[in-house]
1. So which residues in the range 1-33 are β-branched (Val, Ile, Thr) and either exposed (fewer than 14 other Cβ atoms within 10 Å of the Cβ) or assigned to a helix (DSSP H, G or I) (or both), if there are any at all?
2. Out of all the residues in the range 111-127, which are open to solvent by less than 50 Å² (accessible area, probe 1.4 Å) and at pLDDT below 75?
3. Among the residues of the range 128-146, is there at least one that is surrounded by 15 or more Cβ atoms within 10 Å (Cβ to Cβ), basic (Lys, Arg) and either within 26 Å of residue 29 (Cβ to Cβ) or at pLDDT below 85 (or both)?
4. Between a residue in the range 81-106 that is open to solvent by 100 Å² or more (accessible area, probe 1.4 Å) and any residue that is at pLDDT below 85, which pairs come within a Cβ distance under 8 Å, given they are 6 or more apart or on different chains?
Amino acid sequence: MSADVQGVRELKARLKAIRTKVAGPAAKAWQQAAVDIARSKVGAMNMPYSKGNLQSSIDAKRTATGRVGSTNYKAVVVASYHSYFVDAGVVPHSMVNRKARPKSAAGKTIFARAARKPHPGYKARPFRGRTAAEAYKREPVRDYVIKAWNEAA
């Protein structure tokens with residue numbers, strides 16, 4: 001069979017377009033949507049003991065993956081450490097395990113056994129997984145694949 005297959009060049013161009021033009025823009029769009037959704041969901045989930053607040057700590061971060069000089073990026077959404085506790089909840093716990101130390105108040109020394117009141121705990125308010133799924137629904141990769149496929153033709 002010496003017949004040439006038609007459309008090989010166009011197919012190669014389309015596959016190259018999908019490989020090079022889909023992952024980056026799709027990841028960036030998902031990442032920004034995830035940041036926006038997460039910030040809107042956690043408005044009232046701030047912790048009184050945290051430095052700063054949870055809402056402003058949610059941010060987009062892009063890290064390179066693969067070999068050096070690669071254009072392959074991994075989109076990451078980061079937040080402060082206490083976002084894990086908001087997401088999973090906290091069981092009630094005491095804070096008695098601290099060593100007793102003298103405290104001065106109004107000229108007399110008081111020896112306290114517990115540093116603070118016991119923590120009452122709170123229910124989980126999951127937002128991380130839901131945020132990622134909702135952002136994926138809002139920015140589907142399918143649209144980027146179709147756009148790259150059609151532009152390469």
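1. Those that are β-branched (Val, Ile, Thr) and either exposed (fewer than 14 other Cβ atoms within 10 Å of the Cβ) or assigned to a helix (DSSP H, G or I) (or both): 5, 8, 18, 20.
2. Matches in the range 111-127: 112, 114, 115.
3. Yes, some residue in the range 128-146 is surrounded by 15 or more Cβ atoms within 10 Å (Cβ to Cβ), basic (Lys, Arg) and either within 26 Å of residue 29 (Cβ to Cβ) or at pLDDT below 85 (or both).
4. As it stands, the answer is 91/121; 98/114; 98/115; 101/111; 101/112; 104/110, since those pairs meet every condition given.
The values are calculated or read from the model by the stated rules, or taken from the named source; none is laboratory data. Just so it is clear, the model here is predicted, and its values are computed rather than measured. Heads up, the Cβs are rebuilt from the backbone with ideal geometry, glycines too, and the neighbour counts pull from every protein chain shown. Protein only, heavy atoms only, side chains kept; ligands, DNA and RNA dropped before computing areas. Shrake-Rupley method; radii C 1.70, N 1.55, O 1.52, S 1.80 Å.
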